[in-house]
1. Return yes or no: is residue 47 surrounded by 11 or more Cβ atoms within 10 Å (Cβ to Cβ), of a type in the set (D, E, K, R), closer than 29 Å to residue 26 by Cβ and at pLDDT 95 or above?
2. Report yes if some residue within segment 27-35 is modelled with pLDDT under 95, surrounded by fewer than 11 Cβ atoms within 10 Å (Cβ to Cβ) and on the phi < 0 side of the Ramachandran plot; otherwise report no.
3. List the pairs whose first member sits in segment 18-34 and is assigned to a strand (DSSP E or B), whose second member is small (Gly, Ala, Ser) and crowded, with 17+ Cβ neighbours inside 10 Å, and whose Cβ atoms are under 8 Å apart, counting only residues at least 6 apart or on separate chains?
4. Please enumerate the residues belonging to segment 50-67 that are loosely packed, with under 14 Cβ neighbours inside 10 Å and polar (S, T, N, Q).
5. Any chance you could count how many residues in segment 21-48 are under 13 Å from residue 4 (Cβ atoms) and under 10 Å from the mean Cα position of the chain (by Cα)?
Amino acid sequence: MDAPRPGVYRHFKGNLYRLITVATHTETLEPMAVYQALYGERGYWVRPLAIWTETVERGGLTLQRFAYVGEDEPSCGEAPPPDRTDEPRR
C-alpha cells in the first residue's frame, strides 16, 4: 500500500485533520497514520493506515474515510461546522 501524502484531509463526517506522517508500530510493524484534529483542542491521534485509507458506506454512497483536501489548512470560512461525533475517544 502506498502511503498517503501529508496534508489536510476531510473525514467523511466533515471534520478536518492534518496527516503528519505514517509511522510503524513497534511490535506489529503495522503502518500507522499519525494525525492532528484541526478543530477543538487539536489533539494528536494514531490510527492503523489500513483504516485511514479504507472506504465507508454512508447514505447509500461509498466514501473515502479520509479524503485529501490539500497541503494547507483551509481558512475558517471554508471549514465545516464542528461535528464531534467522529472524534476518537480518549
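1. Spelling it out, residue 47 is indeed surrounded by 11 or more Cβ atoms within 10 Å (Cβ to Cβ), of a type in the set (D, E, K, R), closer than 29 Å to residue 26 by Cβ and at pLDDT 95 or above.
2. No, segment 27-35 contains no residue that is modelled with pLDDT under 95, surrounded by fewer than 11 Cβ atoms within 10 Å (Cβ to Cβ) and on the phi < 0 side of the Ramachandran plot.
3. 19/33; 22/33
4. 55, 62
5. 4
The values are calculated or read from the model by the stated rules, or taken from the named source; none is laboratory data. Computed from a predicted structure; not experimentally measured. Don't worry about glycine lacking a Cβ; one is built from the backbone with ideal geometry, like all the others, and counts go over all protein chains shown.
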